Amino acid sequence: MKKIFKYTFLSLLVLGSTTGCSKLEDFGDTNVNPAGAKDPIVGALLTNVMAGTTALTGSNPGLGGFATQTRPGLYGQYFSETQYTDVSLYSAPQIDFNNLYSGALFDLQNIIDQNKSKNMNTIAKILQQYIFWTITDRWGDVPYSAALKGATSLTPKYDKQEDIYKAMMAALASSVNEFDNSIITGDIIFNGDVAAWKRFANSLRMMMAIQLSKKVGGPDGFAAAEFKAALNNPAGYISTNAQNVKVSYPGGNFKNSWWGVYDGRKDYAESKTMTDLMASLGDSRQNAFGGITQDQGKPNSFTTSSVGMPYGLKRASAEAFTAANPGWARILRGDFRKEDATVVIISAAQVALARAEAAQLGWTTESAQAAYNQGIALSFEQWGIAVPAGYLTQASVVLDGTENVKKISTQRYIASYPDGLQSWNIWRKSGYPVLTPAPDATNSSKQIPRRYMYSAGERGSNKVNVEEAIARIPNGDTQDSKVWWDQ
């Protein structure tokens, strides 16, 4: 990982003021000479990372970082490819994660190392755990404890995923108690609201814990203990849509990342898997989930489409479908992917549905039914759509003791749209919704990938540690092998 400790260009930008910014439009000129300042301005670094929490991902399915990931969303079948179909046909995902370390993670570590403000350090620590979470869930064992240490650790060891999860949750637990009255600059997510950051930390800890329920599902296990501790923390958790973790983009130089997916291209669609699921439930959230055109400014820009793109077709078949069905569903209705639209990172609905699953597992004494109904209602509210009459009482939705885990997992899957990594995570953990592999799959197993593979570059620059990590993976470094919590 020779590049792991380099600054990205944006990491060194200078705003000419130590007051930082609280809005993207105040971000300043990204072309300022970095040699003009002795040290990076921590507020600028924080803004840069927050803006990239979504914007670095949508148009790069190979890497992706956080909330708008197309590759995992193809594996989880939120999306289909419309012409270049290699990813959804399961070409080998041998992908380099170096830029995730040398970019956002190192920018956050730089804030901590500058040590200008305890609150800034704590926010950076929370965001680091979120980013590490997205990395380990894709590759499995990755550098964590020895990463981001500069010249003292140029070839960091790969930590076991179990140890990474325990360390991430411990970091989030401690962060809630580390805030003080020190200054916060550059916070474009919560504008310096310490209470909101504490809720984020607790909510993230709960979502990490519930991801482990396949592997550590007992009510007396460490995952259950972490979930309960976060749930009962006095600082609270995200419980209303007003408290959602989100980035609101102003447009111009800082555009919504879903807008970028269709910036001169139309490679991705909402999948027929997803539109069929929504139709089977009579789920009106589909009115927001699919749009009839990628073009903004047309009379039908904000019109819904429910024409899902068949999943996993070879290129000729995919192009034949889109040619015959020009109104195929683009990802999100147009008004949800305008330049100045908001991207939600963690929602109250996701947290409520995680609480429902925890209660169903016996981890907590909450009512699974109450948390479940609340989560569904919050999800509809998030999209500005009323819950249809009879939706909660239909056989395929109501928690009546019949396939409750399936129903909760399916509603978590729907409520997480369009966060592709969450779709893949929920399916890998629970098996729901049931997904059929691509009919034209090109990989030898013909099965949906379960993890990303380590890159050739990493094998060359950190050979000993990569090989040690590979030796721990049942069946080796393949896309069919499973990360620890999926085993």
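Leaving ligands, DNA and RNA out of it, report the carbon-plus-sulfur percent of the accessible area of the chain at a 1.4 Å probe. Before the final figure, lay out the partial values.
Working: 8930 of 17670 Å².
Here carbon and sulfur together make up 51 percent of the probe-accessible area.
Compactness ratio of segment 313-367: Cα Rg over 2.2 N^0.38 Å, N = residue count?
With N residues counted in segment 313-367, Rg over 2.2 N^0.38 Å equals 1.93.
Consider just the alpha-carbon atoms of segment 353-487 and return their Rg together with their Dmax, both in angstrom.
Over segment 353-487's Cα set, Rg and Dmax evaluate to 18.9, 59 Å.
Within the set K215/K406; K116/K166; K246/K298; K407/K482; K160/K214; K214/K446, which residue pairs have Cα atoms separated by over 19 Å?
K116/K166; K246/K298; K407/K482; K214/K446
Using the alpha-carbon centroid of each, what span in Å lies between segment 269-315 and segment 85-152?
32
What number, rounded to the nearest 500 deg cm²/dmol, is the helix-based mean residue ellipticity at 222 nm of the chain, given -39500 (n - 2.57) per DSSP H run of at least four residues and division by all its residues?
On the way: 17 runs with 189 residues, N = 487.
Rounded to the nearest 500, it is -12000 deg cm²/dmol.
Compare the Cα positions of I123, T155, G140 along the charge dipole of segment 100-223 (+1 at Cβ of Lys, Arg; -1 at Cβ of Asp, Glu; about the Cα centre) and return the one farthest towards the positive end.
The residue sitting most towards the positive pole is G140.
Treating only the Cβ of Lys, Arg, Asp and Glu as charged (+1, +1, -1, -1), what charge dipole size does segment 330-487 show about its Cα centre? Round to the nearest 20 debye. Please report the intermediate quantities before stating the final value.
Values: 17 positive and 16 negative charges, 47 e Å.
Once rounded to the nearest 20, the dipole reads 220 debye.
Pull out a ≥ b ≥ c, the square roots of the eigenvalues of the alpha-carbon gyration tensor of segment 233-293, then state rounded if a/c is under 1.5, prolate if not and a/b is larger than b/c, and oblate in the remaining case. Before the final figure, lay out each step's value.
On the way: a/c = 3.01, a/b = 1.16, b/c = 2.59.
Oblate is the answer for segment 233-293, as a/c is 1.5 or above yet b/c matches or exceeds a/b.
For a quick size check, give me the Cα extents of segment 177-314 along its three principal axes, largest first, whole Å.
Result for segment 177-314: principal-axis Cα extents of 50, 42, 28 Å.
Which order do the peptides 257-267, 465-475 come out in when sorted by mean C-beta neighbours inside 10 angstrom, highest first?
Per-residue mean Cβ counts within 10 Å order the peptides as 257-267, 465-475.
Using DSSP, restrict attention to beta bridges with both residues in the chain and report what percent are antiparallel, rounded to the nearest 5.
Details: 12 of 15 bridges.
Close to 80 percent.
For segment 64-135, compute Rg over Rh where Rg is the Cα radius of gyration and Rh is the Kirkwood radius from the inverse mean 1/r over Cα pairs.
Working: Rg = 16.1 Å, Rh = 14.2 Å.
Ratio value, two decimals: 1.14.
Using modelled backbone amide H atoms (1.01 Å from N, in-plane), which distant-in-sequence or interchain residues come within less than 5 Å of G251's amide H?
The list, which skips near neighbours in sequence, is N256.
Please report the spacing between the Cα centers of segment 348-381 and segment 428-447 in Å, no decimals.
Cα centroid of segment 348-381 versus Cα centroid of segment 428-447: 28 Å apart.
Need the full-extension length gain, N475 to K118, defined as separation in residues times 0.36 nm minus the C-alpha distance. One decimal, nm.
Details: separation 357, 0.36 × 357 = 128.52 nm, distance 4.40 nm.
Result for the pair: 124.1 nm of gain on full extension.
Between K406 and A225, 0.36 nm times their residue separation minus their Cα-Cα distance comes to what? Don't skip to the end; give the middle numbers.
Working: separation 181, 0.36 × 181 = 65.16 nm, distance 2.32 nm.
Going from the current span to full extension adds 62.8 nm.
Under 1.5 on a/c is rounded, so check that first for the chain, then, if it is not, pick prolate when a/b is larger than b/c and oblate when it is not; a ≥ b ≥ c are the square roots of the alpha carbon gyration tensor eigenvalues. Working shown, then result.
Values: a/c = 1.27, a/b = 1.22, b/c = 1.04.
Verdict is rounded for the chain.
If you find the alpha carbon centre of segment 212-227 and of segment 388-425, how far apart are they in angstrom?
Segment 212-227 and segment 388-425 have Cα centres separated by 21 Å.
Expressed in nm to one decimal, what extension gain is obtained for the pair E162 and T342 from 0.36 nm per residue of sequence separation less their Cα-Cα distance? Display every interim value, and only then the final one.
Details: separation 180, 0.36 × 180 = 64.80 nm, distance 3.32 nm.
Going from the current span to full extension adds 61.5 nm.
Among residues other than R472 whose Cβ falls under 9 Å from its Cβ, what is the net charge (Lys/Arg +1, Asp/Glu -1)?
Numbers: positive: K160; negative: D141, E468.
So the environment of R472 carries a net charge of -1.
Go through Q296, T85, N325 and say which Cα lies farthest out towards the positive end of the charge dipole of the chain; charges sit on Cβ, +1 for Lys and Arg, -1 for Asp and Glu.
Final value for the positive-end residue is T85.
Give the aspartates and glutamates whose C-alpha is closer than 20 Å to that of K463, dropping any in the same chain fewer than 8 places away, or say none.
Cα-Cα hits under 20 Å: D96, D141, D159, D477.
Within the set of other residues whose C-beta is less than 10 Å from the C-beta of M278, count the net charge using Lys and Arg as +1 and Asp and Glu as -1.
On the way: positive: R285; negative: E270, D276, D283.
Net charge in that neighbourhood comes out at -2.
In Å², what does the accessible area per residue of the chain work out to with a 1.4 Å probe? The partial results should precede the final answer.
Values: 17670 Å² over 487 residues.
It amounts to 36 Å² per residue over the chain.
Say the dipole of the chain comes from +1 at the beta carbon of Lys and Arg and -1 at that of Asp and Glu; which of L74, Q447, A229 then lies farthest toward its positive end?
The residue sitting farthest along the positive end of the dipole is Q447.
Dipole size in debye (nearest 20) for the chain around its Cα centre, Lys and Arg Cβ +1, Asp and Glu Cβ -1?
Numbers: 46 positive and 43 negative charges, 95 e Å.
The dipole magnitude comes to about 460 debye.
The values are calculated or read from the model by the stated rules, or taken from the named source; none is laboratory data. The model shown is predicted, which means the values in this text are computed figures rather than measured ones. Every residue, glycine among them, receives a Cβ derived from its backbone with ideal geometry; neighbour counts consider all protein chains shown. Areas reflect the complete protein model, heavy atoms only, side chains present, ligands, DNA and RNA absent. Shrake-Rupley method; radii C 1.70, N 1.55, O 1.52, S 1.80 Å.
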